[in-house]
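J.: Below is the structure I would like to discuss, written out as structure tokens.
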Amino acid sequence: MKHMHIRIRWALLALVTMLALIVTACAPAATPAPTEKPKITIKLAANPWDGSRVNVAVAKIILEKELGYKVEIVDIEENGQFPALATGDLHATLEIWPSGHAKDYDDYIKTGKLEDIGKLGVVGKIGWFIPTYLLKDHPELATWEGFKNSDTAAMFKTAETGDAGQFIGGDPSFVQYDEALIKNLGLNLKVVFAGSEQAELAALDAAYSRQEPFLFYFWTPHAAFGKYDLTNVTLPEYSAECEAKGAEARDCDYPSDVLYKAAWAGLKDAEPGAYTLLKNMSYTNKDQITMLADISENGKSVEEAAQAWVDANKSVWEKWLP
């Protein structure tokens, strides 16, 4: 009888084990947890002037700290950025001056190779400038016609320009029409390129400290206007007809520029979070000038100035977030 009980217990144990195996085999396989697609590194174009650099520095801070992206800033001149954006080697540029890139807009944005992702919010103006102290004895220099007088133009001559007056340009890669303007307006001036924004500012500072004549290509917004009293020389009024003549025949002023941003056409699908942040990004001339002044007057790096702005303006950039 004892052996029978043992056999029954073993039979029951075998039956329970078999049933457990059957239940396990019939149970649906566990669905593995979905793996999140790794984010791509966002590559932003930084053009060779501080306004462009602070824009991408601000975007980098927010993309990395708030959205978890890795961001690479790529230094590139403004004309070379368009082919790189079209291929996706760059993902966005945040400060395009439209007056110099009408053809690029037609070739890249209207064709769908790039996407216009909206206004930056900053309005710029390129032009000819002089230190205002020159107007005390030579009020005629407030307009381009004052430079038609050969004696007046000679005030600006240097050993490098001979009998012609010197006109200081910035970085040769910048969009500029000054050589054509000088020729087409019949002025005895010669363009000499400083080489960079920083070199141009150094030349201005040297001339300003000695109260010397100085005529140069420059733009607003810029922190320099907080340090120097400068006058925008009045050129012949800009018009669409003048623009249509082409760069070589240009004989009118630069227009005001409503700056805009552009992105690789595939960014929206590839990284919708980064796309939304960059599309929403918008601030004022005052915002940008605050950062530029931090660089020029307070000795901060571009990154430090951008971080200070981000720290002080959460209510502005929170609205950019997806």
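J.: Under 5 Å between amide hydrogens, which residues at least 5 positions from Val192 or on another chain qualify, with H placed 1.01 Å from N in the peptide plane?
T.: Close amide H contacts, sequence-distant or interchain: Phe167, Ile168, Gly169.
J.: If you take every residue apart from Ser239 with its C-beta less than 15 Å away from the C-beta of Ser239, what net charge results, scoring Lys and Arg +1 and Asp and Glu -1?
T.: Once positives and negatives cancel, what remains is -3.
J.: I would also like to ask the following. In a GNM of the chain with a 10 Å cut-off on Cα contacts, which of Asn47, Asn55, Asn285 has the highest mean-square fluctuation?
T.: Looking only at Asn47, Asn55, Asn285, the biggest GNM fluctuation is shown by Asn285.
J.: Sort the following peptides by mean Cβ neighbour count (other Cβ atoms within 10 Å, averaged over residues), highest first: 181-188, 144-151, 164-171, 262-269.
T.: Those peptides, ordered most packed to least, come out 164-171, 262-269, 181-188, 144-151.
J.: Further question on the same structure: Lys and Arg at +1, Asp and Glu at -1: add these up for the other residues within a Cβ distance under 14 Å of Lys261 and post the number.
T.: -3
J.: Just to confirm the number: angle between the C-alpha axis of helix 50-67 and the first principal axis of the chain, 0 to 90 degrees, nearest 10?
T.: 10
J.: Could I ask something else about it? Run through every distinct alpha carbon pair of the chain and return the Kirkwood hydrodynamic radius in angstroms, one decimal place.
T.: 23.2
J.: Also, I was wondering about something else. Using a 7 Å offset from the Cα along the Cα-to-Cβ direction at both Val192 and Asn149, what is the distance between the two label points in nm, to one decimal?
T.: 2.3
J.: Here's a follow-up. How charged is the neighbourhood of Lys110? Take every other residue with its Cβ under 12 Å from the Cβ of Lys110, and add Lys/Arg as +1 and Asp/Glu as -1. Provide the component values of the computation, followed by the final result.
T.: Working: positive: Lys103, Lys113; negative: Asp104, Asp106, Asp107, Glu115, Asp116.
Residues near Lys110 contribute -3 overall.
J.: Relative to the longest principal axis of the C-alpha atoms of the chain, give the angle of the C-alpha long axis of helix 2-26, reported between 0 and 90° and rounded to the nearest 10°.
T.: Approximately 30 degrees, to the nearest ten.
J.: Turning to a different aspect of this structure: Tell me, what HN-Hα J-couplings in whole Hz come from the Karplus equation 6.51 cos²θ - 1.76 cosθ + 1.60 at θ = phi - 60° for each residue of segment 262-278, using x for Gly and Pro?
T.: Couplings: 9, 9, 3, 4, x, 5, 4, 7, 6, 9, x, x, 5, 4, 5, 4, 5 Hz.
J.: Between Thr158 and Arg210, what is the spin-label point distance in nm, taking each point 7 Å from the Cα along the Cα→C-beta axis?
T.: Going by the 7 Å Cα→Cβ label model, 1.0 nm.
J.: What lysines could a cross-link reach from Lys190, if we take a straight Cα to Cα line under 25 Å and drop same-chain neighbours fewer than 8 places away?
T.: Partners found: Lys125, Lys136, Lys148, Lys157, Lys245.
J.: Relative to the longest principal axis of the chain, what angle (0 to 90°, nearest 10) does the C-alpha long axis of helix 302-312 take?
T.: Relative to the chain, helix 302-312 is tipped by roughly 70 degrees.
J.: Oh, and also: Assuming R0 = 41 Å, what is the FRET efficiency of Lys300 and Lys39, from their Cβ-Cβ distance, to the nearest 0.05?
T.: Computed FRET efficiency for Lys300 and Lys39 comes out at 0.90.
J.: Give me a comma-separated list of calculated 3J(HN,Hα) values for segment 147-152, in order, Karplus coefficients 6.51, -1.76, 1.60 applied at θ = phi - 60°, integers in Hz, x for any Gly or Pro.
T.: Residue by residue, segment 147-152 yields 8, 6, 6, 4, 5, 5 Hz.
J.: Same structure, new question: Given Cβ point charges of +1 (Lys, Arg) and -1 (Asp, Glu) and nothing else, what value in debye, to the nearest 20, does the dipole of the chain about its Cα centre take?
T.: Value, rounded to 20: 2520 debye.
J.: Which ³J(HN,Hα) values in Hz, rounded to whole numbers, follow from the phi angles of segment 185-194 under the Karplus curve 6.51 cos²θ - 1.76 cosθ + 1.60, where θ = phi - 60° and Gly and Pro get x?
T.: The phi angles translate into 8, x, 9, 8, 10, 10, 7, 10, 7, 5 Hz.
J.: Just to verify a number: FRET efficiency for Ala240 and Lys286, C-beta to C-beta distance, R0 = 41 Å, to 0.05? Mind showing how you got there, number by number?
T.: On the way: r = 30 Å, r/R0 = 0.73.
Between Ala240 and Lys286 the formula returns 0.85.
J.: Can you tell me what percent of all Cα-Cα pairs in segment 85-191 are more than 19 Å apart?
T.: Looking at segment 85-191, the distances longer than 19 Å represent 58 percent of pairs.
J.: P(r) for segment 121-264, please, calculated from all Cα pair distances in 10 Å bins and given in %.
T.: 11, 42, 37, 9, 1, 0
J.: What aspartates and glutamates sit close enough to Lys314 to cross-link, taking a C-alpha to C-alpha distance under 12 Å and skipping anything fewer than 8 places away on the same chain?
T.: Glu66
J.: Turning to a different aspect of this structure: Given 0.36 nm per residue, what is the gain on full extension from Ala270 to Lys183 after removing their alpha carbon distance, in nm?
T.: Length gained between Ala270 and Lys183: 26.5 nm.
We did not get these values from a lab; they are worked out from the coordinates using the rules stated. Just so it is clear, the model here is predicted, and its values are computed rather than measured. Positions of Cβ are backbone-derived with ideal geometry, glycine not excepted, and every protein chain shown enters the neighbour counts.
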